[in-house]
Amino acid sequence: QVQLVESGGGLVQAGGSLRLTCAASDRTFNMHSMAWFRQAPGKGPQFVAGIDWDTYYADSVKGRFTISRDNAKNTMYLQMNSLKSEDTAVYYCTARLGRVPRTPVVTDFTSWGQGTQVTVSS
């Protein structure tokens, strides 16, 4: 399994921006589907955005979040703009070798980071 480390979380006011980073250890990073999930207090994990040879998003973040990757650096990013209080959650980076469905669930992925907290104050 690939080792994943997230960074970039923090406290931001509503309407602000943050960029999350996920650093991966595996040299086959470019062969992995990557995604961001989030989990708010008292709620189950929620898919946010994914990237393989394409990008795809949950409806709740379309137009506000942008997922990208730099295969040369084994790194994935999530640019989050126009943040809302409902975006408050722990954000997790995840990966698996090969492709995943366009509406993935937790069990579609095999490697997970430790999570980074994003708190949006209203």
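The values are calculated or read from the model by the stated rules, or taken from the named source; none is laboratory data. This is a predicted model, so every value here is computed, not measured. With ligands, DNA and RNA removed, areas are computed over all heavy atoms of the protein, side chains included. Shrake-Rupley method; radii C 1.70, N 1.55, O 1.52, S 1.80 Å.
Hey, what D do you get for the chain in µm²/s if you plug the Kirkwood alpha-carbon radius into Stokes-Einstein at 20 °C and 1.002 mPa s?
The estimated diffusion coefficient comes to 152 µm²/s.
In whole percent, and with a 1.4 Å probe on the protein chains, what portion of the accessible area of the range 39-122 is carbon and sulfur? Mind dumping the intermediate values first?
Working: 2170 of 4280 Å².
Accessible surface attributable to carbon and sulfur in the range 39-122 totals 51 percent.
Please list, short to long, the whole-number percent of alpha-carbon pairs of the range 33-80 in consecutive 10 angstrom bins beginning at zero.
That works out to 25, 53, 20, 2, in percent per bin.
Before I look further, what does the chain give for accessible area per residue, probe 1.4 Å, in whole square angstrom? Please list the in-between numbers first.
On the way: 6190 Å² over 122 residues.
Result: 51 Å² per residue.
Working out 0.36 nm times the residue gap between Gln114 and Ser7, then minus their Cα-Cα distance, what length gain in nm do you get to one decimal?
Details: separation 107, 0.36 × 107 = 38.52 nm, distance 0.97 nm.
This chain segment gains 37.5 nm when fully extended.
What aspartates and glutamates sit close enough to Lys84 to cross-link, taking a C-alpha to C-alpha distance under 20 Å and skipping anything fewer than 8 places away on the same chain?
List returned: Asp59.
Measuring from centroid to centroid over Cα atoms, what is the spacing of the range 26-45 and the range 74-106 in Å?
If you average the Cα positions of each part, the centres end up 5 Å apart.
Which percent of Cα pairs goes in each bin when the distances of the range 1-51 are cut into 5 angstrom slices starting at zero?
4, 14, 21, 26, 20, 8, 5, 1
Using the Cα atoms of the range 69-122, I'd like the radius of gyration and the largest Cα-Cα distance, Dmax, both in angstrom.
Answer for the range 69-122, Rg first and Dmax second: 13.3, 39 Å.
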